[in-house]
Amino acid sequence: MTVHPGGVSTEEGFAKTLDQMDPLAGFREEFVLPCGKDGSPLVYFLGNSLGPMPKAAKALVEEELDNWATLAIDAHFRARVPWVDYQEAIKEGMARVVGAEPREVVAMNTLTVNIHFMLASFYQPTATRFKILMEDRAFPSDRYAVASQLRLRGLDPAEAIVVAKPRTGESTLRTDDLLELIREQGDDLALVFLGGVNYNTGQFFDLGAIADAGRRVGAVVGYDLAHAAGNVPLSLHDWGVDFAVWCTYKYMNAGPGSIAGAFVHSRHGDDPKVPRLAGWWGNEADTRFVMGPSFVPEKGAEGWQVSNPPILSLAPLRTALEQFDRAGMTALRSKSESLTGYLAALLAAIPSSPLQQLTPDDPTARGCQLSLHYPSRGRWLHDRLRDEGIVGDYREPDIVRVAPAPLFNTHHEVWRAADAIRRVIAEDGAA
Ligand SMILES: *Cc1c(COP(=O)(O)O)cnc(C)c1O
């Protein structure tokens, strides 16, 4: 048996043994996984982009379609989960995923919309304190949202956005450098706005330390958890984060374009004076239907809702959250570390490989995803892997992202992916 220095064997049987010991193995059966031409499931390593469909999602969506058909308006009060209270059915589960109190979270809108809503409330620039700290390679939508908010307020993005960049020759940010930059910006810094896990490199930032440093210099701290929610352990409340937003179609498997999440720390959520973009659904539930002319926000994150919620989008989220509750974030994280660590070890064992792992080696500084840089031939590698039934994705420049997810992926799939990568790289080297 060939054993890797990390204690991992490259033998196929080792993968099967790990799967036999996996306490979460049963969850895979609860998903419909996309199949290749031969009818067998593809190795779907894109839960970081669009989670696959939990089988139970269909029944819940159909139930709501039936409610619409048979009850119509009365479904607001008479459906099994009354539509007016739908938020009640999801907020506890959602809060557990992000480490918040139930009143600090809400499902509403979509992700980029929520970035705008949170910036409208929590980005309050003054003449001297107006800078926004973002990470290098932030997701484009986040950049666009921030830049457009700055322009709306007559500020110049080139002047106001401070980008935290890795050191020359390094692909990810050092926590110490990031904390130092926050201290350096000090009184100039109005907002720290980072992706919790960077979509491009897969780096999981030390969100507790960053929140602490940001708040110490008097800045507001907000996170985009698109790649973190349902992927890595989060403690938004205890970290004292001011606000956060995330989508639910990536690791949370709630379906394409599904409703997004938002977190508002209770120290802001209970303050009706926090300015916001208001709508009737954010009004106090008790007086919402009085339809009065003045807006009295509901307490907590729900006070940021504007519209009545899209029930057909919320229904699959119920399934997804129920699965997260049954699995538990601790068990999910532990299997995730095992899958991703195994993948990293197998890739490191490929002899004379030009493949570079951009994602940190430290398991506490990453989630499921590994971002692999294949110099000048990234797209080719991605396409060849796809031929082999391995589904990752391609991101500029020359980056192939693969993310084994603990709810539905297996160690054997990791082995198959690493084996395919080894063969494809050998083929490239021989060509
Ligand atoms: C996926 C992702 C988005 C996508 O935004 P939508 O509004 O849901 O289309 C935005 N930001 C980050 C960091 C993402 O990872």
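Residues checked against (1) within 22 Å of the chain's Cα centre (by Cα); (2) open to solvent by 10 Å² or more (accessible area, probe 1.4 Å); (3) not assigned by TED's automatic domain parsing to the domain that holds Ala315:
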{"residue": "Val232", "(1), (2), (3)": "yes, no, no"}
{"residue": "Ser235", "(1), (2), (3)": "yes, yes, no"}
{"residue": "Asp238", "(1), (2), (3)": "yes, yes, no"}
{"residue": "Phe243", "(1), (2), (3)": "yes, no, no"}
{"residue": "Val264", "(1), (2), (3)": "yes, no, no"}
{"residue": "Leu277", "(1), (2), (3)": "no, yes, no"}
{"residue": "Trp280", "(1), (2), (3)": "no, yes, no"}
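What residue, of Gln185, Gln203, is modelled with pLDDT of 95 or more, of a type outside the set (D, E, K, R) and away from the ligand (no atom under 16 Å from the Cβ)?
Gln185
Within the stretch 24-38, identify whether any single residue is within 16 Å of the ligand (Cβ to nearest atom) and open to solvent by 20 Å² or more (accessible area, probe 1.4 Å), and answer yes or no.
Checked against the condition, which is being within 16 Å of the ligand (Cβ to nearest atom) and open to solvent by 20 Å² or more (accessible area, probe 1.4 Å), the stretch 24-38 yields no hits at all.
Given the options Pro166, Pro157, Pro140, name the one that is at pLDDT 95 or above, within 16 Å of the ligand (Cβ to nearest atom) and farther than 27 Å from Arg267 by Cα. Walk me through how you get there before you give the answer.
Details: Pro166 fails: within 16 Å of the ligand (Cβ to nearest atom); Pro157 fails: within 16 Å of the ligand (Cβ to nearest atom).
After ruling out the rest, the residue left standing is Pro140.
Note down all Cβ pairs under 9 Å where the first residue falls in the stretch 44-61 and is under 15 Å from Leu321 (Cα atoms), the second is open to solvent by 40 Å² or more (accessible area, probe 1.4 Å) and in a loop (DSSP other than H, G, I, E, B), and they're at least six residues apart or on different chains.
So the pair list comes out as Gly51/Tyr249; Pro52/Pro34.
Between Ala158, Ala190, Ala213, Ala147, which is over 19 Å from the mean Cα position of the chain (by Cα), surrounded by 15 or more Cβ atoms within 10 Å (Cβ to Cβ) and without any contact (Cβ under 8 Å) to a residue 24 or more places away in the chain?
None of the other options fit; the residue is Ala147.
Which members of the stretch 393-405 meet the condition of being open to solvent by 10 Å² or more (accessible area, probe 1.4 Å) and not basic (Lys, Arg)?
Selection gives Asp393, Tyr394, Glu396, Pro397, Asp398.
Among residues belonging to the stretch 216-230 that are under 22 Å from Lys335 (Cα atoms) and of a type in the set (A, V, I, L, M, F, W, C), point out the one that is surrounded by the fewest Cβ atoms within 10 Å (Cβ to Cβ).
Among residues in the stretch 216-230 that are under 22 Å from Lys335 (Cα atoms) and of a type in the set (A, V, I, L, M, F, W, C), the one surrounded by the fewest Cβ atoms within 10 Å (Cβ to Cβ) is Ala228.
With Ser148, Ser171 as the choices, which residue is away from the ligand (no atom under 16 Å from the Cβ), farther than 25 Å from Ser235 by Cβ and in the same structural domain as Trp304 (by TED's automatic domain parsing)?
Ser171
With Ala127, Ala147 as the choices, which residue is closer than 21 Å to Trp246 by Cα and of a type outside the set (Phe, Trp, Tyr)?
Numbers: Ala127 fails: closer than 21 Å to Trp246 by Cα.
Just a single option satisfies the conditions, and that option is Ala147.
Conditions (1) open to solvent by 30 Å² or more (accessible area, probe 1.4 Å); (2) basic (Lys, Arg), marked per residue:
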{"residue": "Gln87", "(1), (2)": "no, no"}
{"residue": "Gly99", "(1), (2)": "no, no"}
{"residue": "Glu104", "(1), (2)": "no, no"}
{"residue": "Met108", "(1), (2)": "no, no"}
{"residue": "Thr126", "(1), (2)": "yes, no"}
{"residue": "Leu133", "(1), (2)": "no, no"}
{"residue": "Arg151", "(1), (2)": "yes, yes"}
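Kindly list, by first and then second residue, each pair from a residue in the stretch 29-41 that is hydroxyl-bearing (Ser, Thr, Tyr) to a residue that is open to solvent by less than 70 Å² (accessible area, probe 1.4 Å) and in a loop (DSSP other than H, G, I, E, B), limited to pairs with Cβ atoms under 8 Å and residues at least 6 apart or on different chains.
Ser40/Gly389
Can you name every residue in the stretch 245-257 that is touching a Pro at 6+ places or on another chain (Cβ under 7 Å), open to solvent by less than 30 Å² (accessible area, probe 1.4 Å) and farther than 15 Å from Val105 by Cβ? Steps first, answer last, please.
Of the residues in the stretch 245-257, the ones touching a Pro at 6+ places or on another chain (Cβ under 7 Å) are 249, 253-255.
Imposing the further condition that a residue be open to solvent by less than 30 Å² (accessible area, probe 1.4 Å) reduces the set to 253-255.
Hits for the stretch 245-257 are Asn253, Gly255.
Does Leu346 satisfy the condition of being more than 17 Å from the chain's Cα centre (by Cα), within 24 Å of Thr175 (Cβ to Cβ), open to solvent by 10 Å² or more (accessible area, probe 1.4 Å) and among the aliphatic types (A, V, I, L, M)?
no
The values are calculated or read from the model by the stated rules, or taken from the named source; none is laboratory data. What you see is a predicted model, and the numbers here were worked out from it, not measured in a lab. Here the Cβ is made from the backbone with ideal geometry for all residues, glycine too, and neighbour counts use every protein chain on show. The area values use the complete protein model at the heavy-atom level, side chains included, leaving out ligands, DNA and RNA. Shrake-Rupley method; radii C 1.70, N 1.55, O 1.52, S 1.80 Å.
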